[in-house]
Amino acid sequence: MKNNLIISGLHLDLTVPLKKLVHDKMEKIFKHQEKIIRARIELDHDARSSSHQNEFTAKGHLELKGATITISSSSENMYKSIDDLIEKLDRGLRRRARLRRVKRKQHSLQDLPTAA
């Protein structure tokens with residue numbers, strides 16, 4: 001997993017506890033889907049925000065065979081942004097797996113026998 005996870009900070013110093021938190025949370029994602037090629041997490045702090053809302057943004061990019069899932073989450077707290085991002089990534093992976101199962105089981109109209 002260590003080679004597959006890239007954590008970067010934009011306008012933010014990444015501390016060891018923050019990196020450890022992201023690693024621990026991403027273990028859940030890697031357990032659900034073994035075929036993740038690379039996961040990239042970008043943590044951003046927008047200090048120019050005049051309203052002081054949604055100052056912290058966490059963006060996640062999951063590179064899978066076939067497609068890339070890109071999701072972001074913003075809030076006034078970095079830890080809340082990370083938690084929301086992990087939940088959204090998990091939902092995105094479950095949705096993708098469910099859609100693949102549905103498409104696999106679905107038959108086209110040409111495969112159905114014609115009515116007599």
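The values are calculated or read from the model by the stated rules, or taken from the named source; none is laboratory data. The structure displayed is predicted, hence computed values, not measured ones. Don't worry about glycine lacking a Cβ; one is built from the backbone with ideal geometry, like all the others, and counts go over all protein chains shown.
What to note about this one:
- Residues in segment 30-39 that are of a type outside the set (A, V, I, L, M) and modelled with pLDDT under 90: 30, 31, 32, 33, 34, 35.
- Extreme residue, surrounded by the fewest Cβ atoms within 10 Å (Cβ to Cβ), among residues of segment 1-38 that are closer than 18 Å to residue 64 by Cα and among the acidic types (Asp, Glu): 34
- Pairs, first under 22 Å from residue 63 (Cα atoms) in segment 96-115, second at pLDDT below 80 and of a type outside the set (Ser, Thr, Tyr), C-beta under 6 Å, six or more apart: none
- The set of residues in segment 74-87 being within 17 Å of residue 23 (Cα to Cα) and crowded, with 16+ Cβ neighbours inside 10 Å consists of 78, 81, 82, 83, 84, 85, 86.
- Residues of segment 11-29 satisfying the condition of being modelled with pLDDT under 90 and touching a strand residue (DSSP E or B) at 6+ places or on another chain (Cβ under 6 Å): 11, 12
- Of the residues making up segment 4-41, those that are closer than 14 Å to residue 63 by Cβ and not aliphatic (A, V, I, L, M) are 4, 30, 33, 34, 35, 38, 40.
- Filter result for residue 80 (modelled with pLDDT of 90 or more, under 20 Å from residue 6 (Cα atoms) and of a type outside the set (Gly, Ala, Ser)): yes
- Cross-chain or 6+ apart pairs with Cβ under 6 Å, segment 27-47 first and among the aromatic types (Phe, Trp, Tyr), then modelled with pLDDT under 90: 30/1
- Here residue 102 does not qualify as at pLDDT 90 or above, of a type in the set (A, V, I, L, M), loosely packed, with under 12 Cβ neighbours inside 10 Å and at negative phi.
- Of all residues in segment 39-49 being outside any strand (DSSP E or B) and of a type in the set (Gly, Ala, Ser), the one that is surrounded by the most Cβ atoms within 10 Å (Cβ to Cβ): 49
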